[in-house]
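Have a look at the structure below before the remarks.
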Amino acid sequence: MKAEANSKTSTNGSAMLRKDTLALWGGIFFSLIFTGIIWWTGQRLTAIPHYPDFGPSWYFWRLIEPTFWTRATAWGLYALHQISFWGLIYYAQRHSLKYSTGLHKLNIIALGMNAFFIFLHLIQSQIWYDGLAQDVSIWSSQASVVILLVWVLLMENSRRGLFFGKKVKFSNLINRFARTYHGYLFAWAIVYTFWYHPMEGTSGHLIGFFYMFLLMVQGSLIFTRVHLNRWWNVTLEVLVMVHGTLVALMTGNELWPMFAFGFAGIFVITQMHGLGLALWSRVLILLGFVSSAILIYYDRGWAQLNEIIRIPLIEYLAVFLLAGIIAGGLWIARRIRGNKAPTERESTYSPNTSGS
């Protein structure tokens, strides 16, 4: 009996010390510390002159007179970071790594690689300042994040459904493609947005960089069980609501309820149904959402109530658009290959989405 008890204690102890979970918490701690470093070092960037703010389509934090080196460092380091991330994903898939509670050598390399480029971006911002924003629209950065969120909704439909736990019947080929190649799309969205901004110390930049760091941690922990943890994954999705709402409030944007209730609405409609919550819990969350909306829009004005549906409407329509684009691309690929690509009936897709 004593040996059995010791065995259970040893098992529980080892479970508490899972390497992938420790790596996740270590990544979160690093993200917090480095966000503080950005705030501290960002104080010397306040003296850099900028153009006046010309409105929502204008990105304020860029140099008035960019040089060859400000552009070369931003785009060059971005390209190196992007290719490195894609290369690690390709290596992992080519070598058919298995999901584990430990860490693969690739995970350690990925965590180190992302930390290295985070430090490089800090140095680049301090010396040359400019990010990719000097040459591309602010909407491209925001669109990359939206595409990532929409891709998650499509990919997770096969597990948690799209509307109140009900699944939309997309073909297995679309599901397989979304799951197989999501890492490349996510890596692009994260790295592109990361290098779009200089490491300024404003509240909006700090919240945004902290969120990017967490996404990099998630991307670095591919083929670990914690990468599939449904609570951690939903936390990353919900943080978009926190980020959007806080930035709107801090900048005096009166549209903050659109971000708060828009992304919260997606949580109520879709995301919470993948957490295994009891029916009464989901009903309470729904009632809390409705009550909060009534309270806010009683003062705000019922004419503004349409703000709640703007973000969900865009994202859910985008899910079907994305599925259509993938389906069209797969059809073209089959035509080019002479119908040698697998058909839906031949597909052996079976999602591995169990949380840890």
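By the gyration tensor of its Cα atoms, with a ≥ b ≥ c the square roots of the eigenvalues, what is the shape of region 215-303: rounded for a/c under 1.5, prolate for a/b over b/c, or oblate?
Since a/c reaches 1.5 but b/c is at least a/b, the shape of region 215-303 is classed as oblate.
How much length would be gained if the chain were fully extended between Ala278 and Thr251, taking 0.36 nm per residue of separation minus their Cα-Cα distance, in nm to one decimal?
Additional length available on full extension: 5.9 nm.
How large a share of the accessible area of the chain, in percent, is made up of carbon and sulfur atoms when the probe is 1.4 Å and the other protein chains stay in place?
That fraction is 69 percent.
Quick check: pseudo-label points 7 Å beyond the Cα along Cα→Cβ at Trp40 and Ser292, how many nm apart are they?
Between Trp40 and Ser292, the simple spin-label model gives 3.4 nm.
Grab the Cα-Cα distance for Asn306 and Tyr99, subtract it from 0.36 nm times how many residues apart they are, and report the gain in nm with one decimal. Numbers along the way, then the final one.
Numbers: separation 207, 0.36 × 207 = 74.52 nm, distance 4.30 nm.
The span from Asn306 to Tyr99 would gain 70.2 nm if fully extended.
What length, rounded to one decimal in nm, is gained on full extension from Tyr90 through to Leu120, with 0.36 nm per residue of separation minus their alpha-carbon distance?
So the extension gain works out to 8.4 nm.
Got a sec? What order do Phe289, Phe209 fall in by accessible area at 1.4 Å, biggest, i.e. largest, first?
Phe289, Phe209
Rank-order 77-85, 171-179, 158-166, 329-337 by packing density, defined as the average count of other C-beta atoms within 10 Å over each peptide's residues, highest first. Intermediate values should be presented prior to the final figure.
Values: 77-85: 17.7, 171-179: 20.4, 158-166: 15.8, 329-337: 12.2.
Ranking, from highest mean packing down: 171-179, 77-85, 158-166, 329-337.
Where the centroid of each part is defined by its Cα atoms, how far is region 197-219 from region 225-277 in Å?
16 Å
Read phi for every residue in region 286-295 and hand back ³J(HN,Hα) as whole Hz from Karplus 6.51 cos²θ - 1.76 cosθ + 1.60, θ = phi - 60°, with x for Gly and Pro.
In residue order, the calculated couplings are 4, 5, x, 5, 5, 4, 5, 5, 4, 4 Hz.
With the cut-off at 1.5 for a/c, could you classify region 117-169 from its C-alpha gyration tensor as rounded, prolate or oblate?
Here region 117-169 falls in the prolate category.
Taking only Cα atoms and a 10 Å spring cutoff, compute GNM fluctuations for the chain and point out the largest among Gly252, Gly76, Gly55.
Gly55
Nearest 500 deg cm²/dmol is fine: what mean residue ellipticity at 222 nm does the chain get from its DSSP H runs of n ≥ 4 alone, each adding -39,500 (n - 2.57), divided by its residue count?
My calculation for the chain gives -23500 deg cm²/dmol from helical runs alone.
Enter the accessible area per residue of region 82-209 (Å², integer; probe 1.4 Å; all protein chains in place).
The answer is 42 Å² per residue.
In debye, nearest 20: dipole of the chain around its Cα centre with unit charges on the Cβ of K, R (+) and D, E (-)?
1680 debye
Can you list residues from other chains, or at least 5 along the same chain, whose modelled amide H is less than 5 Å from the amide H of Ser100?
Those qualifying (amide H under 5 Å, at least 5 residues apart or on another chain) are Thr224, Arg225.
Using Cα centres only, tell me the gap between region 105-132 and region 143-182 in whole Å.
Rounded to whole Å, the Cα centres lie 30 Å apart.
Considering the options Gln126, Ile109, Ser171, tell which one lies farthest towards the positive end of the dipole of the chain, charges being +1 on Lys and Arg and -1 on Asp and Glu at the Cβ, about the Cα centre.
Ser171
The values are calculated or read from the model by the stated rules, or taken from the named source; none is laboratory data. Small disclaimer: the values here were computed from a predicted structure and weren't measured. Cβ: placed from backbone, ideal geometry, glycine included. Neighbour counts: every protein chain shown. Heads up: the accessible areas ignore ligands, DNA and RNA and are worked out on the full protein's heavy atoms, side chains in. Shrake-Rupley method; radii C 1.70, N 1.55, O 1.52, S 1.80 Å.
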